[in-house]
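Just below is one structure, and these are the notes that go with it.
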Amino acid sequence: MSDKISPWAVAREAVVLSWRRKWTFFGLSLVVLAPMLAVMGLASSWRGPGVALAFCLHILASLFLMTTANHLAVTMQRGAGAALPHPFWPTMGRVFVRGLVLVAVVFGVLLVAGIPIGALAYSSLSHDSAGPAGLSPALFALFAIAGSVVYAFLFGLFLRLMVMIPGAAVGRVVGVREALALTRGHAWRMFWSTMIVALPVMILTGLFEVFIATSATDGEIGAGVILLFLFLLVFDLFVWIVMLVMNAVWYEKLCLRMHTARDGSGPAFAFAPAPDPRAGSGVGPYADLPDDMTGGK
């Protein structure tokens, strides 16, 4: 058996866990989104303090959602699952610090990689060429490829470092080095699990836009279009929840994989997992491991 984690298994488990506690996840999302959108709407007519208040509320709401959703998703894999960690404020503080570290690392890498590319592009400007932005076609293609490579690298780095967030949500600080060690060899797999979940939304959105373009008459939109839009909105929110949960699933499975490989004696966690009420359901941190590695679980 390959020691790599299947992106299909992660995506499937994220969907199952999200659906099992869908009302809790929807509730957490709405508790965050409703006041945030209301204040942001009011802030559009405010100046100074109003904009600052909306920005602070946005940060606090995002932190609340990231803390509670990740804590719930991780603890669901270990047992019944709880949304609110104890103590709450120190845990949310850890999530905030890990988020700052994530942004700092990604932005730092972007500067290190982007500044030389930008400097070379600027120095290669040829105003007498017919290429875009004054670059010759060959140089433009070269810089476009280099930019795509940098973007792909940054996206993969972001996915790998995101496992720091669920760790912080359950009281375990995961550093940058440990996050990279946990996710080594899984960047593409994490990307494909993301695409597995995101592609249905992209396809449905495209079909919806085509439907509107072909069915609208005299600029009027019928009741059927409104119902389809509401369905797509709810579906998009659910997929967004699945994305949050999927990051926690990756964290838990990668931790299990690392601990198993470290001592060769099977899963060994720092916590004592509660009995899994979903035994036999094909989900949980032991779902894609053979019975001889899970003690017959």
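The values are calculated or read from the model by the stated rules, or taken from the named source; none is laboratory data. The model shown is predicted, which means the values in this text are computed figures rather than measured ones. In this analysis, Cβ positions are derived from the backbone assuming ideal geometry, glycine residues included, and neighbour counts consider all displayed protein chains. Note: areas computed on protein heavy atoms with side chains; ligands, DNA, RNA excluded. Shrake-Rupley method; radii C 1.70, N 1.55, O 1.52, S 1.80 Å.
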Name the pairs: first residue in the range 232-255 and in a helix (DSSP H, G or I), second residue open to solvent by 10 Å² or more (accessible area, probe 1.4 Å) and among the aromatic types (Phe, Trp, Tyr), Cβ to Cβ under 9 Å, at least 6 apart or on different chains? Leu232/Phe208; Val234/Phe26; Leu237/Phe26; Phe238/Trp19; Phe238/Phe26; Ile241/Phe26; Val242/Trp19; Cys255/Phe269
Pick from Leu84, Leu37, Leu111: which is at pLDDT 80 or above and more than 30 Å from Val149 (Cα to Cα)? Leu84
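So that you can scan it fast, the table gives a plain yes or no per residue for (1) modelled with pLDDT under 85; (2) open to solvent by less than 60 Å² (accessible area, probe 1.4 Å):
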{"site": "Met76", "(1), (2)": "no, yes"}
{"site": "Phe88", "(1), (2)": "no, yes"}
{"site": "Met92", "(1), (2)": "no, yes"}
{"site": "Ala141", "(1), (2)": "yes, yes"}
{"site": "Ala146", "(1), (2)": "yes, yes"}
{"site": "Val150", "(1), (2)": "no, yes"}
{"site": "Leu157", "(1), (2)": "no, yes"}
{"site": "Met164", "(1), (2)": "no, yes"}
{"site": "Trp188", "(1), (2)": "no, no"}
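Could you say whether any residue in the range 151-167 is assigned to a loop (DSSP other than H, G, I, E, B) and of a type in the set (Gly, Ala, Ser)?
Taking every residue of the range 151-167 in turn, none turns out to be assigned to a loop (DSSP other than H, G, I, E, B) and of a type in the set (Gly, Ala, Ser).
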